[in-house]
Structures are given as C-alpha cells and as structure tokens.
Amino acid sequence: MPYEDIDVIAVAVAAGVAVAVAALSLFKKLLTPAATAVAAVILVAATVFTGYAGLALYAGAFLMSGILSFVGRKTRAEREAGIHKRTGTRGVVQVICNGLPALIFSAVWFSTGISSFYTAFVASLAAGFADSAASDMGILSRCTARSILTFRPVKRGLSGGVTPLGTLSAFLGAIFVAAVALPFGNGYGIVSFAVAFAAAFAGTLADSVLGASLQALYRCNECGELTEKEIHCGSPATLVRGARFMDNDLVNLISLLFAGAFAAAIAL
Ligand SMILES: [Zn+2]
C-alpha cells in the first residue's frame, strides 16, 4: 500500500478525536498522562494504516471499556483491591501491551496489502476488548470463579479464573469489535468477521490459560491471601505459581499477538 493510500482527512479527524479522548481520559483518570500520549499516538498511527476503521475500532473499544469500567465500580474496587498489580489509572506499559499488537498487524497489512493481516488487526483489537470486558464484568459475577485449567474454585478477579458472566462478556465483546469493522470495507466481510471473532475469543481463552499457569501468583506472608502483587500488606509476598516476570501485561501482549497470528493463519 503506497503512501497515496493514506486518508489524510481521516488522519486529521483521528488527531482531533485523539485530543478529545485524551482530555476525557485525563479528566476521568482512566490513563496516566504518559499513557494518554502513547494511546493518542497509537490511535493516529492506526488511522494512518487503516483509515477510519482504525479510528472507529480503537476509539470504540477504548470508550466502551471506559463505560464498562464504570458499571459496578464500587463492588469491583472492593474485590480488586488486594489482587491486582495495578488498579485504577492505566500506565504506559499496560497501554502498549494492549494496543501495540493490533497496530503491528495493521502496519503489516498497510505495507504488504495481504488481507489476512487486516483480519489479524481486527482480531487482536477484539481480543483486547473482550479480555478487558471479561475481567471487568467477571469480577462482578455472583457465581464462583473456577480455574480454566483445573475447574477448582478460585478467588474472583484472579487471572485464570473464569465465570459464566465473564465468559459471556468476552463472547459479546469479541462480537462487538469484530462487527464494528464491517462497514469499513478494506476487504473485510462476513467471513473475516467470523474469523476475527473466533480468533479473538480464542485469544481470551489463551489469556486465561496463561493466567492459570505461567502468570506470577503470590501469597502474602502477612494475611495469607493470594495476590498478583509482589508486595502485599507492606512486605514482599511469596511466589506460589508461574514466573516472576510473567505479569498480567505480558500475558495480555502474548495473547493479543496469538489472537492476531491465529486469525492471520486461518484467513490465509
Ligand atoms: Zn496481605
């Protein structure tokens, strides 16, 4: 795809939307200032590579996850408090791990014109949104969370645990993003939609499997709770499962690359 294919007006609109979304996310404290800047750059770059599709998909997924994060916010905050490495405002690493995989696939599509990479781009973004919807909604579930690998009950909110509500949210989230791409053409039709959706859902399963196996899990030496934090109750917690470097951000990065690669492989 040569440079003449860049939709200059779409890129200008994206820059405007990026500024508006940045203002909103700073005001609502969704992202740190540095993470906001990175997110804005990713949004504009995606529009350079894919036109209005990139703008709609990134901005749509970001705004929808912003909205979902306000549903049951109080309950979620209580249940998340001791578990997650980072809560609340999202940082640079988190934004890169969630936003970069799709951007890479869109850049490959832009430079090669091979349509399966466009499907990979949509699948990766859909997987990211589906995963965050599953986490945000799953933790509100009234049901017991069970390990995706052993089916034994686990504390709600811990990575690798799945609930019916979380799984349904991932399913609907993947459909939502895969469907948003439909009106924009770029060779993406109903077959690509099915591939992107299936790969995105597979990506969220991969995320849970990694979360239940290789992701770092600690036990606090003070209160005895399982946690994804290295420090709990003010002292270092003991690693009980997984690898220390394998945190939630890295697991997300791997599963989003997997979702895209899986989609590209089917679509090829
Ligand atoms: Zn503790």
Using a Förster distance of 30 Å, how high is the FRET efficiency between C143 and F245, based on the Cβ-Cβ distance and rounded to 0.05?
0.40
Of V13, V108, V95, which has the largest mean-square fluctuation in a 10 Å C-alpha GNM of the chain?
V13
Loop-resident sites, segment 7-113, for chymotrypsin sites (Phe, Trp or Tyr not before Pro), counting at most 10 other Cβ within 10 Å (DSSP)
none
Pairs of Lys in the chain closer than 18 Å at Cα, counting only those 8 or more apart or on different chains
7
Please give the FRET efficiency for L26 paired with C233, using the beta carbon to beta carbon distance and R0 = 35 Å, rounded to the nearest 0.05.
0.65
Dividing the mean separation of Cα pairs under 8 Å (6+ apart) by the residue count of segment 1-138 yields a relative contact order in percent of 29
Enumerate the calculated ³J(HN,Hα) couplings along segment 15-20 in order (Karplus 6.51 cos²θ - 1.76 cosθ + 1.60, θ = phi - 60°), each rounded to whole Hz, writing x wherever the residue is Gly or Pro.
4, x, 4, 4, 5, 5
Can you grab the distance from the C-alpha centre of segment 163-222 to the C-alpha centre of segment 21-58, Å, no decimals?
20
Loop-only check: which trypsin sites (Lys or Arg not before Pro) in segment 82-157 are DSSP coil with at most 11 other Cβ within 10 angstrom?
R142
Only Cα pairs under 8 Å and at least 6 apart count here; give the relative contact order of segment 73-267 as a rounded whole percent.
28
Just in segment 204-268: which chymotrypsin sites (Phe, Trp or Tyr not before Pro) are loop by DSSP and have at most 11 other Cβ atoms within 10 Å?
F245
To the nearest whole percent, what portion of all C-alpha pairs in the chain is separated by more than 30 angstrom?
27
With axes computed from alpha carbons, what is the tilt in degrees of helix 92-112 against the longest principal axis of the chain, rounded to the nearest 10 within 0 to 90?
30
If amide H atoms are modeled at 1.01 Å from N in the peptide plane, then the residues at a separation of 5 or more from H232, or on another chain, having amide H under 5 Å from its own are A237
Please work out the FRET efficiency for the pair F151 and N221, using the Cβ-Cβ distance as r and a Förster radius of 35 Å; give the result to the nearest 0.05.
0.80
By how many degrees, between 0 and 90 and to the nearest 10, does the Cα long axis of helix 164-180 differ from the longest principal axis of the chain?
10
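Each reported figure results from applying straightforward, stated rules to the coordinates on display, with no laboratory input. Because the structure is a prediction, the values reported are computed rather than measured. Neighbour counts run over all protein chains shown; Cβ positions are idealised from the backbone, glycine included.
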